[in-house]
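S.K.: Can you keep this structure in mind? I'll have questions shortly.
The values are calculated or read from the model by the stated rules, or taken from the named source; none is laboratory data. Just so we're clear, the structure is a prediction, and the values are computed from it rather than from any experiment. All Cβ positions, glycine included, derive from the backbone under ideal geometry; neighbour counts span all protein chains shown. In case anyone asks, the SASA skips ligands and DNA or RNA and just uses the protein heavy atoms, side chains included. Shrake-Rupley method; radii C 1.70, N 1.55, O 1.52, S 1.80 Å.
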Amino acid sequence: MAEPTRHQAAAFVRRGVLDVTDDELIGCVACGLCLPHCPTYRVTGFEVASPRGRIAAMRAVELDGAPLDDEFRDAMEGCVQCRGCEAACPSSVPFGHLMESARAALASAPAPRASTSTHRLRQIGEWLAYAVVLPRHSLLLALTWVLWLAQRLRLVPRRFGIPRLERSAMRTVLHADADPDVALFTGCVMDAWQRDVHHDALRVMRAAGASIGLGGPGADCCGALHVHAGRIDEARRLARRVIEAFPGDGDVVVDSAGCGAAMKDYGHLLGTPEAYAFAARVHDFSEWVVTSGVELPLHATGHAVVVQDPCHLRHVQRAHGAVRAVLAPAYDLVETADDGLCCGAGGAYAVLHADLANQIRDRKVAAIRDAALPGEPVVVASANPGCAMHLGAAGLTVRHPAQLLAAALDRSDSTGATPDA
Ligand code: SF4
Ligand code: SF4
């Protein structure tokens with residue numbers, strides 16, 4: 001009998017640096033079919049910046065005892081976590097969960113040798129953002145007004161990519177209905193910066209005949225950004241809080257693709273029957289409109305929109321078809337030719353890896369402009385606030401499907417409100 005290879009032998013003697021199973025780790029057969037779907041590989045051409053290269057690095061750490069060094073950190077942190085590779089992989093390698101494990105291991109690993117002071121500053125910044133501000137919604141709202149003022153005083157450099165905050169959106173008040181049969185999850189940053197999208201989502205859902213609640217205390221931060229950053233314990237605390245904020249068994253509608261993907265994964269994150277039951281109640285906004293079976297009172301606007309698929313809607317929730325289904329009665333839908341490649345937003349990626357994020361975005365913007373109809377203004381439909389901000393910072397006009405639908409509601413819709421546009 002042949003001697004087992006080093007990988008095969010190590011698969012039975014787990015070091016446990018990464019919280020993954022043997023099957024997850026050794027499932028990759030290095031076929032390379034994922035490479036064209038990886039935005040960081042497309043931009044750099046480096047194997048280490050590809051899904052295959054990243055999995056090889058994880059194997060080296062987990063199975064061969066390689067250290068969690070700067071090289072490993074760069075390879076993992078350079079990943080946008082778009083999961084385009086996962087959707088393309090014929091071997092069903094669960095890349096998202098592998099990467100989450102790697103990021104969690106790095107979150108508690110020693111600082112990189114080359115830049116200890118920079119790393120320390122970044123750790124402090126991340127602690128303030130993830131542990132102090134995001135879980136405290138009133139603090140986030142207060143800081144948003146400070147940011148708004150700083151923007152008006154021209155104190156916020158454009159290279160930060162923060163969208164121009166609008167007082168009208170920040171002052172929008174959302175009303176819950178009595179005896180709701182469905183709830184809208186409003187989130188943290190989206191509620192602070194893009195509450196006008198929630199307003200339009202509520203309007204469309206009411207036009208579909210729904211009675212809508214807004215969740216109790218704690219129905220704000222879902223922990224998606226924390227999972228991205230490997231802060232799994234904090235993500236679990238936030239997930240438990242969100243589940244408590246939505247008692248009962250009604251649908252929970254989410255109009256942020258990133259948040260919806262994270263909330264649909266609460267079962268895996270918490271591993272409890274309650275978490276799995278809650279995750280089954282979560283629906284993306286467009287998905288919910290389609291499954292409600294109600295024909296919205298829409299008029300054909302005659303306008304074209306270019307559809308951008310947020311990765312967490314397309315590759316994770318696999319609900320991107322619903323966006324097309326709900327918009328098609330009112331808009332001429334235009335597809336890009338890049339097969340849903342990532343735009344480079346990726347949670348905090350656009351802030352932490354601005355150069356690479358901008359190179360990835362350049363390709364996306366080119367694909368969108370190439371697809372747009374000649375002579376028509378370019379309007380992009382995007383169901384994720386992070387993508388909307390990232391693409392908006394490149395000068396594109398981006399609208400959430402809820403905003404586009406609200407603008408196309410007939411005057412006779414059940415809210416009695418007039419169309420916005
Ligand atoms: S992750 Fe999947 S598609 Fe990519 S190289 Fe491995 S087996 Fe092939
Ligand atoms: S998640 Fe996206 S960026 Fe990361 S390896 Fe996969 S395709 Fe590349």
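S.K.: Quick one: 3J(HN,Hα) in Hz for segment 78-93, Karplus 6.51/-1.76/1.60 with θ = phi - 60°, rounded, Gly and Pro as x.
M.R.: Calculated HN-Hα couplings, in order: x, 7, 6, 6, 7, 6, x, 5, 5, 5, 8, 6, x, 9, 6, 5 Hz.
S.K.: Counting just the Cα atoms, what span does segment 39-194 cover along each of its three principal axes? Round to the nearest Å and put the largest first.
M.R.: The Cα atoms of segment 39-194 stretch 55, 44, 29 Å along their principal axes.
S.K.: Taking only C-alpha pairs under 8 Å that are 6+ residues apart, what is the relative contact order of segment 258-395 in percent?
M.R.: This gives 25 percent for segment 258-395.
S.K.: Rounded to the nearest 20 Debye, what is the dipole magnitude of segment 88-200 about its Cα centre when Lys and Arg each give +1 and Asp and Glu each give -1 at the C-beta?
M.R.: My answer is approximately 980 debye.
S.K.: Here's another thing I want to ask about it. Given a 1.4 Å probe and the protein chains all in place, what does the accessible area of Trp148 round to, in Å² to the nearest 10?
M.R.: Taking all protein chains as shown, Trp148 has close to 40 Å².
S.K.: Sorting check: for 45-58, 252-265, which peptide has the highest mean count of neighbouring beta carbons within 10 Å, and how do the rest follow?
M.R.: 252-265, 45-58
S.K.: Taking a ≥ b ≥ c as the square roots of the eigenvalues of the Cα gyration tensor of segment 238-345, is the shape rounded (a/c under 1.5), prolate (a/b larger than b/c) or oblate?
M.R.: Here segment 238-345 falls in the oblate category.
S.K.: Something else about it: For the chain, what is the relative contact order in percent, using Cα pairs closer than 8 Å and at least 6 residues apart in sequence?
M.R.: Over the chain, the number comes to 15 percent.
S.K.: Which residues among segment 309-341 fall inside the zone where the amide N is under 19 Å from a point 7 Å beyond the Cα of His303, along Cα→Cβ?
M.R.: 309, 323-336
S.K.: May I ask you to evaluate 6.51 cos²θ - 1.76 cosθ + 1.60, the Karplus curve with θ = phi - 60°, for each residue of segment 352-359 and list the ³J(HN,Hα) values in order in whole Hz, giving x for glycine and proline?
M.R.: Here the 3J(HN,Hα) series is 7, 10, 4, 4, 5, 4, 6, 5 Hz.
S.K.: Under the definition of Cα pairs under 8 Å and six or more residues apart, what whole-number percent is the relative contact order of segment 29-130? Provide the component values of the computation, followed by the final result.
M.R.: Numbers: 76 pairs, mean separation 26.0, N = 102.
Relative contact order comes out at 26 percent.
S.K.: In a Gaussian network model over the chain where Cα atoms closer than 10 Å are linked, find which of Leu33, Leu225, Leu341 has the largest mean-square fluctuation.
M.R.: Leu33
S.K.: Classify the chain from the C-alpha gyration tensor, please: rounded if a/c falls under 1.5, else prolate or oblate depending on whether a/b exceeds b/c.
M.R.: The shape class here is prolate.
S.K.: Can you give the calculated 222 nm mean residue ellipticity of the chain, where each DSSP H run of n ≥ 4 adds -39,500 (n - 2.57) and the sum is split over every residue, rounded to the nearest 500 deg cm²/dmol?
M.R.: About -13000 deg cm²/dmol.
S.K.: Pick out which of Leu153, Leu184, Leu352 has the largest mean-square fluctuation in a Gaussian network model of the chain, springs linking Cα atoms closer than 10 Å.
M.R.: Greatest mean-square fluctuation among the candidates belongs to Leu153.
S.K.: Within the chain, what whole-number % of the accessible surface is contributed by carbon and sulfur, with the 1.4 Å probe and all protein chains included in the calculation? Don't jump to the answer; show the numbers that get you there.
M.R.: Values: 10570 of 19180 Å².
Solvent-exposed carbon and sulfur of the chain make up 55 percent of the total.
S.K.: With a ≥ b ≥ c taken as the square roots of the eigenvalues of the C-alpha gyration tensor of segment 160-248, please select rounded if a/c is under 1.5 and otherwise prolate if a/b is larger than b/c or oblate if it is not?
M.R.: Verdict is oblate for segment 160-248.
S.K.: Let me ask something else. What is the distance, in nm, between label points placed 7 Å from the Cα along the Cα-to-Cβ direction at Leu141 and at Glu335?
M.R.: Reported label-point gap for Leu141 and Glu335 is 4.3 nm.
S.K.: Can I ask one more? Just order 135-142, 400-407 by mean Cβ neighbour count inside 10 Å, highest at the front, would you?
M.R.: Answer by packing, highest mean first, reads 400-407, 135-142.
S.K.: Glu244 accessible area, nearest 10 Å², 1.4 Å probe?
M.R.: 150
S.K.: Let me ask something else. Using a Gaussian network for the chain with springs between C-alpha atoms less than 10 Å apart, which of these wobbles most: Thr186, Thr40, Thr272?
M.R.: The residue that fluctuates most here is Thr272.
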